[in-house]
Amino acid sequence: MRLINRHPDRGGRLLLILLPFALLLFAYFTGSAARLTDNPNDKLLPSASQMADAIDRLAFTEDKRSGKYLFWQDNAASLARLGMGIGIAALVGLCLGIAAGILPLFRAPLSPLLTVLSMVPPLAILPILFIVFGLGELSKVMLIVIGITPVLARDLEQRAREIPQEILIKAQTLGASTWTLILRVVLPQLLPRLLIALRLVLGSAWLFLIAAEAIAATDGLGYRIFLVRRYMAMDVILPYVVWITLLAWLMDLGLRQTTRLVFPWYEGAKA
């Protein structure tokens, strides 16, 4: 049988999913054990017990200075910024995508503008955001919004253009106004694509959040990572990176399941 025609069964698929992670963990802990044997004070590859102690100290022990649990405080701050940024970007991106994809009068100025804006490196304008919006929460949220909105809008614009003209013409023949056409025909077609597009930009949104927190913040996951780096506290940094990855994966899973449940008819719902 050709390799292209071979499909793993359920058990084999689970094994193939877990295998890379098992190999990665084996390689890490083997290297960690070797380095700690040579130098018990080595900080580059901390052991599992060292990372567990660090998380216990941050997540389940009150900070003596603030009286708060730093790990959960960092989570609350980062997720609030991320949620606000993604929510605003989704709403603005949806509106711009519909306008550029369906309305010719708006398409002419918006489509080239979105193309240009999507090419601007968001991190390059981070100093400008700090100057304009200050060092508070707004600049961090705006970095996420500016970073992912053009990408979302261009993706939704393309999807709107793919809607068959026959459907739009039939709706107008039945008396649909432009507003009704957008709400009853275009919007239902774009909402599932919006959820998929959000999955694709999650990584970028986290990147912009971590970058902003690293430069100007007093709490947050990115702030904590860059705060302890000066002490080479890999026992804190590595668990935080793993936790951020887990949060991003859970968000992706939630968006995927929402797409499947709410829009089971959409061709990309199973992706």
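The values are calculated or read from the model by the stated rules, or taken from the named source; none is laboratory data. This one's a predicted model, so the numbers in the text were calculated from it and none came from an experiment. When we count neighbours, we look across all protein chains shown, and the Cβ atoms used for this are built from the backbone with ideal geometry, even at glycine. Areas reflect the complete protein model, heavy atoms only, side chains present, ligands, DNA and RNA absent. Shrake-Rupley method; radii C 1.70, N 1.55, O 1.52, S 1.80 Å.
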_Quick check on my filter: what residues within region 185-224 are charged (D, E, K, R) and either within 14 Å of LEU79 (Cβ to Cβ) or more than 11 Å from the chain's Cα centre (by Cα) (or both)?_
ARG193, GLU213, ASP219, ARG224
*asked:* Residues to consider are ARG184, ARG260, ARG230; find the one that is under 30 Å from ARG57 (Cβ atoms), among the basic types (Lys, Arg), open to solvent by 70 Å² or more (accessible area, probe 1.4 Å) and free of Cβ contacts under 8 Å to residues at least 24 places away in the same chain.
replied: ARG230
_Selection status of SER111, among the hydroxyl-bearing types (Ser, Thr, Tyr) and over 22 Å from GLN189 (Cβ atoms)_ = no
*What pairs come up if the first residue lies in region 51-63 and is more than 14 Å from ALA233 (Cβ to Cβ) and touching a residue at least 12 places away in the same chain (Cβ under 8 Å), the second is of a type outside the set (A, V, I, L, M) and open to solvent by less than 60 Å² (accessible area, probe 1.4 Å), and their beta carbons are under 9 Å apart, counting only those six or more places apart or on different chains?*
ALA59/PHE71
*Note down all Cβ pairs under 9 Å where the first residue falls in region 157-176 and is more than 14 Å from PRO188 (Cβ to Cβ) and open to solvent by 30 Å² or more (accessible area, probe 1.4 Å), the second is at pLDDT below 90 and among the charged types (D, E, K, R), and they're at least six residues apart or on different chains.*
none
_The lone exception for TRP206 - which of (1) of a type in the set (Phe, Trp, Tyr); (2) open to solvent by 20 Å² or more (accessible area, probe 1.4 Å); (3) touching a helix residue (DSSP H, G or I) at 6+ places or on another chain (Cβ under 6 Å); (4) over 20 Å from TYR69 (Cα atoms) it fails_ = (2)
*From the list ALA211, ALA217, which residue is part of a loop (DSSP other than H, G, I, E, B) and open to solvent by less than 60 Å² (accessible area, probe 1.4 Å)?*
ALA217
*Answer yes if at least one residue in region 159-167 is part of a helix (DSSP H, G or I), closer than 30 Å to THR245 by Cβ and modelled with pLDDT under 95, and no otherwise.*
yes
*asked:* Can you list residue pairs whose Cβ atoms sit under 7 Å apart, with the first residue in region 1-24 being modelled with pLDDT under 90 and the second being not in a loop (DSSP other than H, G, I, E, B)? Count only pairs 6 or more apart in sequence or on different chains.
replied: PRO8/LEU16
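A quick yes/no check of all residues on (1) of a type in the set (Ser, Thr, Tyr); (2) open to solvent by 80 Å² or more (accessible area, probe 1.4 Å); (3) assigned to a helix (DSSP H, G or I):
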{"site": "ASP53", "(1), (2), (3)": "no, yes, yes"}
{"site": "THR61", "(1), (2), (3)": "yes, no, no"}
{"site": "SER66", "(1), (2), (3)": "yes, no, no"}
{"site": "TRP72", "(1), (2), (3)": "no, yes, yes"}
{"site": "ARG81", "(1), (2), (3)": "no, no, yes"}
{"site": "ILE88", "(1), (2), (3)": "no, no, yes"}
{"site": "LEU91", "(1), (2), (3)": "no, yes, yes"}
_So TYR266, is it modelled with pLDDT of 95 or more and either of a type outside the set (Ser, Thr, Tyr) or surrounded by 12 or more Cβ atoms within 10 Å (Cβ to Cβ) (or both)_ = no
_Evaluation of GLY97 against (1) open to solvent by less than 60 Å² (accessible area, probe 1.4 Å); (2) more than 22 Å from PRO188 (Cβ to Cβ) (one fails), failing number_ = (2)
*Meets criteria (among the β-branched types (Val, Ile, Thr) and modelled with pLDDT of 95 or more) for ILE244*: yes
*asked:* Of everything in region 233-255, what is among the aromatic types (Phe, Trp, Tyr) and either open to solvent by 30 Å² or more (accessible area, probe 1.4 Å) or without any contact (Cβ under 8 Å) to a residue 12 or more places away in the chain (or both)? Give them in sequence order.
replied: TRP243, TRP249
*Which condition number in (1) touching a helix residue (DSSP H, G or I) at 6+ places or on another chain (Cβ under 8 Å); (2) modelled with pLDDT under 90; (3) among the small types (Gly, Ala, Ser) is the one that GLY136 fails?*
(1)
